[in-house]
């Protein structure tokens, strides 16, 4: 699993995000509750599924992971992530992929 560093964006400083390849074992990032992830899928024929792993059980005793589909030749953004629900014991959000091939991402902090 690869630990990603958030790129900072604010009203005073615009951002041209730098994208890096998704890691085969998944990625993680330190979560402040003001983070979103920008995904790009360069594959022209196959969608990619990203899973954000919940860290707590709901009142029915089930963890509810969140998934996002990034269509072929497309881009998607996902966030913001509740710290109570998604942060692990180290304050990180964990993401995995059905396939990392042709998938890049930028972790962005809005503040």
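Key figures
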| item | result |
| --- | --- |
| Residues of the stretch 47-64 satisfying the condition of being assigned to a loop (DSSP other than H, G, I, E, B) and surrounded by 14 or more Cβ atoms within 10 Å (Cβ to Cβ) | 47, 53, 54, 55 |
| Selection within the stretch 66-111 - over 13 Å from the mean Cα position of the chain (by Cα), over 17 Å from residue 20 (Cβ atoms) and either in a helix (DSSP H, G or I) or modelled with pLDDT of 95 or more (or both) | 71, 72, 73, 74, 83, 84, 85, 88, 89, 90, 91, 98 |
| Any hit, the stretch 18-29, residues being touching a helix residue (DSSP H, G or I) at 6+ places or on another chain (Cβ under 7 Å), modelled with pLDDT of 95 or more, within 16 Å of residue 81 (Cβ to Cβ) and in a loop (DSSP other than H, G, I, E, B) | no |
| The stretch 1-42, residues that are surrounded by 13 or more Cβ atoms within 10 Å (Cβ to Cβ) and free of Cβ contacts under 8 Å to residues at least 60 places away in the same chain | 2, 33 |
| Matching residues in the stretch 59-86 - criterion: being free of Cβ contacts under 8 Å to residues at least 24 places away in the same chain, in contact with a strand residue (DSSP E or B) (Cβ under 6 Å, 6 or more places away or on another chain) and farther than 17 Å from residue 101 by Cβ | 65, 66, 67 |
| Hits in the stretch 43-58 (condition: under 19 Å from residue 87 (Cβ atoms) and either touching a strand residue (DSSP E or B) at 6+ places or on another chain (Cβ under 9 Å) or free of Cβ contacts under 8 Å to residues at least 24 places away in the same chain (or both)) | 50, 51, 52, 53, 54, 55, 57, 58 |
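The values are calculated or read from the model by the stated rules, or taken from the named source; none is laboratory data. Just so we're clear, the structure is a prediction, and the values are computed from it rather than from any experiment. Here the Cβ is made from the backbone with ideal geometry for all residues, glycine too, and neighbour counts use every protein chain on show.
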